[in-house]
Amino acid sequence: MPELPEVEVTARALAHRFDGRRVEAVRIHNRQLRWRIPKSLAATVTGQCIEHIDRRGKYLLWHLASGVLISHLGMSGSWRIHEAGRWPPRQRHDHVEVECDGAVARLNDPRRFGALLWHAASSGDVLTHPLLAQLGIEPFDPRFGGDWLFAATRARRSAIKQVLLAGKTVVGIGNIYATECLFEARIHPQTEAGRIARLRYTRLAGAIRRVLTQAIAAGGSTLRDFTATDGIEGRYTEFAQAYGRDGLPCPRCRTPIRRYVQGQRATYFCPRCQRV
């Protein structure tokens, strides 16, 4: 599933190409994603100027004069940009096309768990939308840090990795990145969140920022379907220190990395560096 780094990479590319551009056409080839795309969406959006495109959690937000187009990439979605005169034939899973300034952005989603919804300005701030209202703090928010994590987890008995994945404390940390952040911070993934001391949370918050920054610079991670808007796969897993390295030596202590399944997700850790 595309996580914060993949969505951030996509948002930056879309914004670079389409911020300030007028929507010339919207073509919907398949309305049946996770939720049906509104029938009126094409008519609503066509002709409007895209003021800016940004991200909240794993959601892409296309801000227009009369509302916000909310896009989620689901399990297998990606946006591709094709410049004027270089449009390839539409592929089977290209469900939506947004044309601006001769270029087209195509939403491709083989598994169709993504979403494309409209939030009218008359409905209020888009951040009050039910999909966005309960999201946790952004990891690059100036308020985020060890103190924030410590305060937010005092009553939490769940394992720290599950708390990170849930997205209600801090958003966008998927399975790969949670594994890497906990490895860097030397925290065992099964450690009860409410038992972690403030100092260790400070270390974890720093690891979260560093890992996500590195992942964004690497174009995110591609395990199956994700590609950036230019079709290039993410390369972050090439630099992973724990994820996918079961049986290989820990980069710090040379103890073999172990793998187990936690919450139906593969989890990797060093049994020496990351003790409960």
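The values are calculated or read from the model by the stated rules, or taken from the named source; none is laboratory data. A quick note: this is a predicted structure, and the numbers were derived from the prediction, not measured. Counting neighbours? That spans all protein chains shown, and the Cβs are built from the backbone with ideal geometry, glycine included. Ligands, DNA and RNA are stripped out before the accessible areas are found, and what is left, the full protein with its side chains, is counted by its heavy atoms. Shrake-Rupley method; radii C 1.70, N 1.55, O 1.52, S 1.80 Å.
For the reader, a short list of remarks on this structure follows.
- In the range 220-239, residue modelled with the highest pLDDT [restricted to those that are of a type in the set (A, V, I, L, M, F, W, C) and open to solvent by 50 Å² or more (accessible area, probe 1.4 Å)]: F239
- Looking only at residues of the range 169-193 that are part of a helix (DSSP H, G or I) and open to solvent by 10 Å² or more (accessible area, probe 1.4 Å), we find that the one that is modelled with the highest pLDDT is E184.
- Residues being open to solvent by 40 Å² or more (accessible area, probe 1.4 Å) and either in contact with a Phe, Trp or Tyr (Cβ under 7 Å, 6 or more places away or on another chain) or assigned to a loop (DSSP other than H, G, I, E, B) (or both) - total across the range 246-273: 11
- Considering the range 39-95, the residues that are over 15 Å from I28 (Cα atoms), of a type in the set (S, T, Y) and assigned to a strand (DSSP E or B) include one that is modelled with the highest pLDDT, namely Y59.
- Index of the failed condition, L165 passing every other in (1) open to solvent by 80 Å² or more (accessible area, probe 1.4 Å); (2) among the hydrophobic types (A, V, I, L, M, F, W, C); (3) not in a loop (DSSP other than H, G, I, E, B): (1)
- Verdict on I257 being farther than 20 Å from A152 by Cα and modelled with pLDDT under 95: no
- Every pair of residues 6+ apart whose Cβ atoms lie under 6 Å, when the first sits in the range 71-86 and is touching a residue at least 12 places away in the same chain (Cβ under 8 Å) and charged (D, E, K, R) while the second is buried (at least 20 other Cβ atoms within 10 Å of the Cβ) and assigned to a loop (DSSP other than H, G, I, E, B): R80/T229
- When residues of the range 31-53 are limited to those that are of a type in the set (S, T, N, Q) and exposed (fewer than 15 other Cβ atoms within 10 Å of the Cβ), the one nearest to the chain's Cα centre (by Cα): Q32
- Scan of the range 96-111 for residues that are charged (D, E, K, R), surrounded by 18 or more Cβ atoms within 10 Å (Cβ to Cβ) and either without any contact (Cβ under 8 Å) to a residue 60 or more places away in the chain or not in a strand (DSSP E or B) (or both), ordered by number: R106, D109
- Restricting the range 116-150 to residues that are closer than 25 Å to S76 by Cβ and touching a Ser or Thr at 6+ places or on another chain (Cβ under 7 Å), the residue that is surrounded by the fewest Cβ atoms within 10 Å (Cβ to Cβ): W118
- Candidates R86, R56 - the one that is within 22 Å of the chain's Cα centre (by Cα) and among the charged types (D, E, K, R): R56
- Some residue of the range 8-20 being outside any helix (DSSP H, G or I) and surrounded by fewer than 18 Cβ atoms within 10 Å (Cβ to Cβ): yes
- Residue list for the range 27-38, restricted to those being assigned to a strand (DSSP E or B) and basic (K, R): R27, R36
- Selection of first residues in the range 147-162 that are farther than 11 Å from T191 by Cβ and of second residues that are open to solvent by 40 Å² or more (accessible area, probe 1.4 Å) and among the basic types (K, R), restricted to Cβ pairs under 8 Å at least 6 apart or on distinct chains, gives the following pairs, ordered by first then second residue: D147/R198; F150/R198.
- The residues listed here are A242, A217; of these, the one that is buried (at least 22 other Cβ atoms within 10 Å of the Cβ) and either under 24 Å from R272 (Cα atoms) or modelled with pLDDT of 90 or more (or both) is A242.
- If the condition is being surrounded by 14 or more Cβ atoms within 10 Å (Cβ to Cβ) and in contact with an Asp or Glu (Cβ under 6 Å, 6 or more places away or on another chain), then the range 21-30 contributes R21, E24, R27.
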